[in-house]
Amino acid sequence: MYLRSLGVYLPKGRMDAQEIARRSGLAPEVVREKLGLLEKPIPGPEDHPAEMAAWAAREALAKAGLPGAAVDWVVSIVEEHKDYPVWATAPYLALKVGASRAKGLDLNQKCASLMGALEVARGLFATRKEVGVVLVAGGYRNGDLVDYQDPHTRFLYDLAAGGAAAVLTREGPGLRLLGLAHRMDPRLALAVKVPVGGTRAPLTPENLSQYRLRVEDPEGMKRRLDATSIPSFLAVIREALEEAGYTEADLDYLALLHMKRSAHRAVLAGLGLSEERSIYLERFGHLGQLDPLLSLRLAREKGLLKEGSLVALAAAGVGYFYGAAVLRLEGGLDA
């Protein structure tokens, strides 16, 4: 299976570190240096998650030189906070790109959804010989749900908006998938959520202000993540590398989701990688499950991906999920 082409859509609006500092009461240098955020894209009135995913999907198909009718499966990783509640997005994406004969599914592992989508796509190619093209596309704007006055959700202040997509094909050229790994930490199953609006606490006029992302046990979550987060990232990356037949010494590039600056550096240090082997998304914030695709696009534009480059993608999603993929460039990306 090959990741043949990418599409990325970013809204024109921006929120800079100064504005985040003003809203949160943090010092601007804390936002810039500790949170690792210079600015982030924010949505305009037409920038809805499924719509942004569709725009990115059209670009990815165009770069692959494929019409929508060539798509066999649409795997939607549009975020749960989307255009309409209780709504599936794979059919809408198929409609928007002209994938009239495609089958589809919606997949949600929060910010690790891309890794799940790659696993599903690998299974489709392995078990269904008629499948030749899988479109993975997502849109994200969970920044809508951030309460900048809640210090317990400071790690979410980087949540941004955008869309990204990848065309996966049975044959190359592109980034050939060589390894995948996944982990899950059920002890953090309830750690981060919107506490109202579901069946346990239906939305009412009185609790509408609580329709924001909250942390249930801030101290407990911090202790757990301090002990497990970086080791879990390193473990899934190494597991994916082992499946691919490589070690971290062979890596040329790491596409990592946005996290605080110290954590990003800790992952690189744990793998023995210099900071030049990754792009820190300080001007983009966190686009959830789309970060690795954005990172790949930026790396290609900067000339960091060359023929034969070994690339790892790594992500984590609240719940808690961790995932990593290892790919090798064979014949060019967006070719």
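The values are calculated or read from the model by the stated rules, or taken from the named source; none is laboratory data. These numbers come from a predicted model, not from an experiment. Neighbour counts run over all protein chains shown; Cβ positions are idealised from the backbone, glycine included. Heavy atoms of the whole protein, side chains included, go into the accessibility calculation; ligands, DNA and RNA do not. Shrake-Rupley method; radii C 1.70, N 1.55, O 1.52, S 1.80 Å.
For the structure I just gave you, tell me whether G197 is small (G, A, S), closer than 23 Å to M52 by Cβ and open to solvent by 20 Å² or more (accessible area, probe 1.4 Å). Yes. Checking each residue in the range 110-166 for being closer than 27 Å to S24 by Cβ and open to solvent by 30 Å² or more (accessible area, probe 1.4 Å) picks out K110, R141, D144, D147, Q149, P151, H152, R154, F155.
Can R183 be described as more than 30 Å from R32 (Cβ to Cβ), within 23 Å of the chain's Cα centre (by Cα) and in a strand (DSSP E or B)? Yes; evaluated as a whole, the condition is true for this residue. Report, ordered by the first and then the second residue, all pairs with beta carbons closer than 6 Å, sequence separation of six or more or different chains, a first member in the range 73-96 that is at negative phi, and a second member that is outside any loop (DSSP other than H, G, I, E, B) and of a type in the set (D, E). These pairs meet every condition: S76/D106; A88/D106; T89/D106; A90/D106.
Are any of the residues in the range 237-244 in contact with a Lys or Arg (Cβ under 9 Å, 6 or more places away or on another chain), closer than 25 Å to R300 by Cβ and surrounded by 15 or more Cβ atoms within 10 Å (Cβ to Cβ)? Taking every residue of the range 237-244 in turn, at least one turns out to be in contact with a Lys or Arg (Cβ under 9 Å, 6 or more places away or on another chain), closer than 25 Å to R300 by Cβ and surrounded by 15 or more Cβ atoms within 10 Å (Cβ to Cβ). In the range 69-87, the residue that is farthest from A161 (Cα to Cα) out of those that are of a type outside the set (A, V, I, L, M) and open to solvent by less than 10 Å² (accessible area, probe 1.4 Å) is S76.
Within the range 200-222, the only residue that satisfies the criterion of being surrounded by 15 or more Cβ atoms within 10 Å (Cβ to Cβ), basic (K, R) and part of a loop (DSSP other than H, G, I, E, B) is R212.
Is it the case, given these coordinates, that R22 is closer than 30 Å to T127 by Cβ, open to solvent by 50 Å² or more (accessible area, probe 1.4 Å) and part of a helix (DSSP H, G or I)? The answer is no for R22. The residues of the range 184-194 that are touching a strand residue (DSSP E or B) at 6+ places or on another chain (Cβ under 9 Å) and open to solvent by less than 40 Å² (accessible area, probe 1.4 Å), listed by number, are D185, A191, V192. Filtering S274, S232 for residues that are surrounded by fewer than 24 Cβ atoms within 10 Å (Cβ to Cβ), over 20 Å from G138 (Cα atoms), among the hydroxyl-bearing types (S, T, Y) and free of Cβ contacts under 8 Å to residues at least 40 places away in the same chain leaves a single hit, S274. Scanning the range 308-335 for residues that are within 23 Å of G65 (Cα to Cα) and assigned to a strand (DSSP E or B) gives L327, R328, L329, E330. Within the set L225, L257, L304, the sole residue that is closer than 25 Å to K40 by Cβ and buried (at least 21 other Cβ atoms within 10 Å of the Cβ) turns out to be L257.
Selection of the range 122-179 for residues being out of contact with any strand residue (DSSP E or B) (no Cβ under 7 Å at 6 or more places or on another chain), in contact (Cβ under 8 Å) with a residue 24 or more places away in the chain and hydroxyl-bearing (S, T, Y) yields Y148, Y157.
Of everything in the range 307-318 that is surrounded by 24 or more Cβ atoms within 10 Å (Cβ to Cβ) and within 14 Å of the chain's Cα centre (by Cα), the residue that is nearest to T228 (Cα to Cα) is A316. Scanning for something farther than 18 Å from V167 by Cα, of a type in the set (D, E) and open to solvent by 10 Å² or more (accessible area, probe 1.4 Å), does the range 319-331 turn up at least one residue? Taking every residue of the range 319-331 in turn, none turns out to be farther than 18 Å from V167 by Cα, of a type in the set (D, E) and open to solvent by 10 Å² or more (accessible area, probe 1.4 Å).
Residues in the range 137-166 that are touching a helix residue (DSSP H, G or I) at 6+ places or on another chain (Cβ under 9 Å) and among the acidic types (D, E) were compared, and the one that is nearest to G68 (Cα to Cα) is D158.
Among residues of the range 1-19 that are under 17 Å from P43 (Cβ atoms), those with a Cβ under 9 angstrom from a residue that is assigned to a strand (DSSP E or B) and open to solvent by 20 Å² or more (accessible area, probe 1.4 Å), sequence gap 6+ or separate chain, pair up as P11/I42; G13/I42; R14/E39; R14/I42; M15/E39; M15/I42; D16/E39; E19/E39.
Flag: T169 matches the condition of being open to solvent by less than 20 Å² (accessible area, probe 1.4 Å), within 26 Å of W55 (Cβ to Cβ) and polar (S, T, N, Q).
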